[in-house]
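The values are calculated or read from the model by the stated rules, or taken from the named source; none is laboratory data. Not measured: the values here are computed from a predicted model. No Cβ is skipped: glycine too gets one built from the backbone with ideal geometry, and neighbour counts run over all protein chains shown.
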Amino acid sequence: MPLPGADVDRSYEVLVGCGVINQLDEMLRSLIPAPRRVALVSQPSIEVEVSISLPVHRFAVGVGEQFKTIATVQELCEGFADAGLTRGDVVVAVGGGMVTDVAGFAAASYHRGISVVHVPTTLLGMIDAAIGGKTGVNLPQGKNLVGAFWQPSGVICDLDTLATLPEREVRCGNGEMAKYHFLTGDDLAALDLEARVARCVEIKAEVVASDERESGRRAILNYGHTLAHALEIASGHEIAHGEAVSIGLIFAARLAERLGRIDSARVAEHLDVVGCLYGLQTDIPHVGSADELLALMFRDKKAIDGLTFVLDGPNGVELVADIDPAIVRDVLVEALQD
């Protein structure tokens, strides 16, 4: 399926299905300009083989959020330079969201931008991190605070790579997938995995095409993420991103109810999807006090005009700015006491 950037000239192909990784070489050779060499970025723990007929320079990044840093991007760019890669070559990122984020940022930065093709190997990567052109790394002060918008030249989502995913990686993907149930009126629960992944990609494509640089509507893709990012930081990243999003979705629903935007029946829908359909955690873990979590949420990159959340409401999911911190704190305190 084509996934557009801000204009049709930067549209790119997203392949979803079993065995589609075999089409990687064809995708690379179809790029314009045609690359001469490939910088393959992955991790030692990722046992996914790709067949590429072009000369390949391999680069490994560390495992874990502690390696999602500017230092890692610098190491990659220095490696690209040592290999003599030019603006006419291509980066191929094979791995989860951390790999595609770091490799994408390196591609956006090296020579002020070279092509990148993502091969996400996790469910979270397929429906979120590898799609839409957002790249970034963490600072001690917060998640993804440094990065760039850099659309890939193509994405390959081979569902066969999900067969050996650890249970925790499956939970992380499901946490992000649960978000999509509330962005449209689609009955995602009625779809099989391939159709559900494809539909999530389509939803993100439509949102990204309307707001590539997150100046407005694209913010809805961060539904559940404001508290999620705070939980990740407060736990020292012991809570993974998708796990935190599932908790953040329920908190956002309860906050929306407190603000009179939705009723208790809609909150129950969130609990049914997150807790029952996907079997994910819905309670806030005790990784920090209400005041500590509130302070972290004020650092969220969406917080341009006061405390800002993506919330459900009568017009659907939308960005809501300048929310009274006292109300947010009250909902946090109640949730932490449950």
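Residues of segment 203-244 being under 24 Å from residue 170 (Cα atoms), in a loop (DSSP other than H, G, I, E, B), under 14 Å from the mean Cα position of the chain (by Cα) and at pLDDT below 95, which ones?
240
Of everything in segment 305-333, what is under 27 Å from the mean Cα position of the chain (by Cα) and either not in a loop (DSSP other than H, G, I, E, B) or not assigned by TED's automatic domain parsing to the domain that holds residue 291 (or both)? Give them in sequence order.
Passing the criteria: 309, 310, 311, 318, 319, 320, 325, 328, 329, 331, 332.
Within segment 25-49, restricting attention to residues that are of a type in the set (Gly, Ala, Ser) and loosely packed, with under 12 Cβ neighbours inside 10 Å, which residue is nearest to residue 119 (Cα to Cα)?
45
If a residue must be buried (at least 24 other Cβ atoms within 10 Å of the Cβ) and under 13 Å from the mean Cα position of the chain (by Cα), how many such residues does segment 135-159 contain?
Final tally of qualifying residues: 1.
Can you say whether residue 230 is in contact (Cβ under 8 Å) with a residue 12 or more places away in the chain, in contact with a helix residue (DSSP H, G or I) (Cβ under 7 Å, 6 or more places away or on another chain), aliphatic (A, V, I, L, M) and in the same structural domain as residue 328 (by TED's automatic domain parsing), as far as the supplied structure shows?
yes
Give the residues of segment 32-50 that are of a type in the set (Gly, Ala, Ser) and modelled with pLDDT of 95 or more, sorted by residue number.
If the condition is that a residue be of a type in the set (Gly, Ala, Ser) and modelled with pLDDT of 95 or more, then 39, 42 are the ones that fit.
Taking segment 94-118, which residues are closer than 20 Å to residue 166 by Cα and under 14 Å from the mean Cα position of the chain (by Cα)?
Selection gives 95, 96, 97, 98, 99, 100.
Quick one: in segment 258-283, of everything that is in a loop (DSSP other than H, G, I, E, B) and touching an Asp or Glu at 6+ places or on another chain (Cβ under 8 Å), which residue is farthest from residue 184 (Cα to Cα)?
Only one residue fits best here, namely 283.
Being surrounded by 15 or more Cβ atoms within 10 Å (Cβ to Cβ), within 28 Å of residue 196 (Cβ to Cβ) and among the β-branched types (Val, Ile, Thr), is that true of even one residue in segment 256-263?
yes
Just to be sure, is residue 293 at pLDDT 95 or above and either farther than 30 Å from residue 191 by Cα or not β-branched (Val, Ile, Thr) (or both)?
yes
Return only the number of the condition from (1) within 26 Å of the chain's Cα centre (by Cα); (2) closer than 27 Å to residue 171 by Cα that residue 336 does not satisfy.
Residue 336 satisfies every listed condition except (1).
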